[in-house]
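Remarks on the structure that follows.
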Amino acid sequence: MLRDFGLAAAQLGDRAFRRPLVLGLALSALVFVTLWVGVWLVLRHTHLFATGWLNTAVAALGELAAFGLAYLLYPGVVGAVTSLFLDQAILAVESRHYPRLGAPRPVGLGEQAIRALRLLVLTVVLNLLVLPVYLVPLINLLVFFALNGYILGREYFEMVAPRRADPSGVRQLWRDHRWTWVVMGAAIAFLSTLPVVNLIAPLLGVAAMVHRVARLGIARVGSQGGGGTQNLV
């Protein structure tokens, strides 16, 4: 898995990565600022907790609380938003490292948008549900990486796998290697917490996920026709 992220980082300088890199940086920054402002507005006008002192504390912290909550939501939200713009990066990785894959299965914009929206809602709802737990030292780290490992693992897996397998194949691949995808997601979540690195975390994450899917030996039959899968290794 470290090799997957290493290969992803090594390709950041490729010409084919320039547009996705610039777009990813701009979108990541925009998503975070939008989240920060949006969360601040929500905190000003709503009560998130049943416990009164928690609401009082959040209100008193103001912008700092908004920043913290935006930071928690950022990994999943930025992944969902940028998933609509990372096809070029995925194709660049496949073209350089796995040219024998052939043409990917067409994935329509509607399918991508529905998937991104579903995962966006899942990210926000689940993180808000466990928000009180995030106030508990040590346990908050375990919960954050476990929860976002699942969310981001699913999110980035579904950016890549549907290009190379039909829906039933995607479901089977997820079930067969569930913990691999969760650990990948936790690694992406960790990168998303690092200042500066978090701006390119979506690009690194999706590129690493391409390598991981390919290394597990799954590829759609392209030039030979049909919708099955074949082993790469």
Fill in: Segments 197-206, 128-137, 3-12, 143-152 sorted - mean Cβ within 10 Å per residue, highest first
197-206, 143-152, 3-12, 128-137
Worksheet entry | Accessible surface of segment 92-179 [probe 1.4 Å, protein heavy atoms]: carbon and sulfur percent | 71 percent
Worksheet item: Ranked highest first by average number of other Cβ atoms within 10 Å, how do 80-93, 171-184 line up?
Response: 80-93, 171-184
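The values are calculated or read from the model by the stated rules, or taken from the named source; none is laboratory data. Note that the coordinates shown come from a computational prediction; the quantities given were computed from them, not determined experimentally. Please note: Cβ atoms are built from the backbone with ideal geometry, for glycine as well, and neighbour counts cover all protein chains shown. To get the accessible areas, we keep the full protein, side chains included, count just its heavy atoms, and leave off ligands, DNA and RNA. Shrake-Rupley method; radii C 1.70, N 1.55, O 1.52, S 1.80 Å.
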